[in-house]
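Presented below is the structure to which this report refers.
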Amino acid sequence: VISLLALAGCNKTDTPATPTAATTPTPAPYTPPTADQLSQMVAPIALFPDKLVAQVLAGATYPDQITAANQWVGQNPSLKGDALQAAANQQPWDVSVKSLTAFPAVLAQMANNIQWTTSLGEAYANDPNDVMNAIQTMRLRAQQSGNLKNSQQMRVTSSPRPAPPPD
């Protein structure tokens with residue numbers, strides 16, 4: 001058997017690998033953030049209203065579109081309200097990115113820190129439950145410390161979590 005393996009090795013010819021014209025770099029595999037990293041990642045948005053959090057998380061999965069939308073909003077400062085939404089709907093972006101144009105400060109925050117936006121989007125795309133749990137944990141901490149309460153601008157409601165289905 002050993003001699004057959006040696007003979008088989010002798011029959012091999014060294015042919016250089018032919019590079020393909022459309023070689024694309026393989027993206028690095030996703031490495032989940034630690035609980036502390038995830039808490040720091042969601043902290044800037046944890047106290048946003050639920051609907052805005054949903055749009056930010058979905059939009060973060062399109063960092064290039066976030067940058068483009070922020071530039072577009074900056075180039076169209078006269079557009080407001082319904083006119084802004086109608087014009088944004090003509091753009092080729094994901095619906096979540098289009099909806100963020102109504103919140104220029106949030107869109108700018110995301111575009112001006114694109115590394116954070118990209119990390120948030122990757123975390124949400126790969127581990128949505130972990131991201132949502134981190135947000136709820138941050139909200140609970142804020143509520144327990146007295147920083148999350150009703151005001152004239154905001155009404156805070158909470159509901160118990162439903163029990164997970166039995167396995």
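The values are calculated or read from the model by the stated rules, or taken from the named source; none is laboratory data. Only a predicted model underlies this, so the values are computations on that prediction, with no experimental measurement involved. So basically every Cβ, Gly included, is an ideal-geometry build from the backbone, and we count neighbours across all protein chains shown. Just the protein is used for accessible areas: all its heavy atoms, side chains included, with ligands, DNA and RNA removed. Shrake-Rupley method; radii C 1.70, N 1.55, O 1.52, S 1.80 Å.
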Original post:
If you go through the range 81-115, how many residues are assigned to a helix (DSSP H, G or I), under 13 Å from Gly59 (Cβ atoms) and open to solvent by less than 50 Å² (accessible area, probe 1.4 Å)?
Top reply: 11
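Taking the range 24-71, which residues are of a type in the set (S, T, N, Q) and part of a helix (DSSP H, G or I)?
Answer for the range 24-71, where residues must be of a type in the set (S, T, N, Q) and part of a helix (DSSP H, G or I): Gln37, Ser39, Gln40, Gln55, Gln65, Thr67, Asn70, Gln71.
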